[in-house]
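K.L.:
Before anything else, here's the structure in question.
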Amino acid sequence: MRISVRKCAIVFGKQSTALIRRSLSDYVPVCPPTHPNEVERLQDFVLCSQRLFVMTGAGISTESGIPDYRSEGVGLYARTERRPIQHAEFVRSQDARRRYWARNFVGWPQFSSHKPNTAHMALYNWEKAGKLHWLVTQNVDALHAKAGQRRLTELHGCTHRVICLGCQTVSSRFELQERFIALNPSWNEQAHGVAPDGDVFLTDEQVSNFRVPPCDKCGGILKPQVTFFGDTVNREVVFSLYDNLGQADAILIAGSSLQVYSGYRFALKAQEKGIPIAILNIGPTRADHLAVVKVAGRCGDILAKIMSVNQHFQENVS
């Protein structure tokens, strides 16, 4: 069935709840139950820290119904030959931008409706308790911000913001959605599947007539304020995070394989500074050999089990 673009937004909004309610096995790789001793080791690690630096990856958001790229069996790379757009391709090709924005437009109502899970809320509670010094996330889904996190850096940006490559004006992705609707009132297409950044799967034929607006201030190219593959993270952001890491006494890495250097660098910097590292991730990571504690498990399950750390910490400082 083909549906109008306005109905498409409504349908995807309704579908998002159903998708989140699907089995976690659709998004989270198989993981045996974590031994209580392993949970206790991680809890002791967190309890011993007074200024904890936390880095999170896609594995913390899969339990909110957002797929990741690399998880065995369920990640995008395992399920399809599709790969995320490259920065250079987006900048140089109008056709590439049209394909990207058409797919993103269809997927946006669903992607933007995802909610924080127990892992996001646990980390927010740690911040409120004074345990968490700083949190950096590799994710672009805004779930930490939705949970209330304030001591937060979104390393790769956020899909909820749009930037003009000409005048650098930043605007809301929700506002852009309304501009898309106005420009494409009779555009009728359906998507097949969704990706970790809100992208969905459409054919070239489906997107050929989709219209993309320019910046309404300078006429420049609009791009999500995220770091696409092949681009580099802002150096000032990295150095600011190095400063925050230098003020910490421990680092916890949760839900990331650290295969991308932009995240792995913080494990290397922690080792260089003599800061102990703990890792919570279902599968192996690039920094397992650097960790003093490595726990295999779901972030929501494990972080919820050490929620008592907040009460312990508050009692000690009261």
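K.L.:
For the pair Cys167/Cys31, report the inter-label distance in nm, with labels modelled 7 Å from Cα in the Cβ direction.
P.N.:
Placing both labels 7 Å along Cα→Cβ, they lie 4.5 nm apart.
K.L.:
Between His87 and Ala182, what length in nm is gained on full extension when 0.36 nm per residue of separation is reduced by their alpha carbon distance? Provide the component values of the computation, followed by the final result.
P.N.:
Numbers: separation 95, 0.36 × 95 = 34.20 nm, distance 2.69 nm.
Taking 0.36 nm per residue and subtracting the Cα distance, the gain is 31.5 nm.
K.L.:
Same structure again: Quick one: accessible area per residue over segment 208-273, 1.4 Å probe, rounded to a whole number of Å²?
P.N.:
Details: 3230 Å² over 66 residues.
Solvent-accessible surface per residue comes out at 49 Å².
K.L.:
Further, regarding this structure: Find out how many positive minus negative residues lie around Glu127, taking Lys and Arg as positive, Asp and Glu as negative, among other residues whose Cβ is under 10 Å from that of Glu127.
P.N.:
Details: positive: Lys128, Lys131, Arg150, Arg151; negative: none.
Summing Lys and Arg as +1 and Asp and Glu as -1 gives +4.
K.L.:
Moving on to the next point. If I model a spin label as a point 7 Å beyond the Cα along the Cα-Cβ vector, how far apart are those points for Asn209 and Phe174 in nm?
P.N.:
In this crude label model, Asn209 to Phe174 measures out at 3.1 nm.
K.L.:
Name the long-range amide H neighbours of Ala250: under 5 Å, sequence gap of 5 or more, or other chain; modelled H, no Pro or chain starts.
P.N.:
HN-HN under 5 Å from Ala250: Arg51, Phe53.
K.L.:
Taking the simple approach of a point 7 Å from Cα along Cα-to-Cβ for both Lys217 and Glu236, what is their distance in nm?
P.N.:
Placing both labels 7 Å along Cα→Cβ, they lie 1.5 nm apart.
K.L.:
Here's a follow-up. Would you mind working out the magnitude of the charge dipole of segment 260-301 relative to its Cα centre, with +1 at each Lys and Arg C-beta and -1 at each Asp and Glu C-beta, to the nearest 20 Debye?
P.N.:
Details: 6 positive and 3 negative charges, 24 e Å.
For segment 260-301, the charge dipole is close to 120 debye.
The values are calculated or read from the model by the stated rules, or taken from the named source; none is laboratory data. None of these values were measured; they are calculated from a predicted model. Glycine also receives a Cβ, built like all others from the backbone with ideal geometry; neighbour counts cover every protein chain displayed. Only protein heavy atoms, including side chains, enter the accessible area calculation; ligands, DNA and RNA are left aside. Shrake-Rupley method; radii C 1.70, N 1.55, O 1.52, S 1.80 Å.
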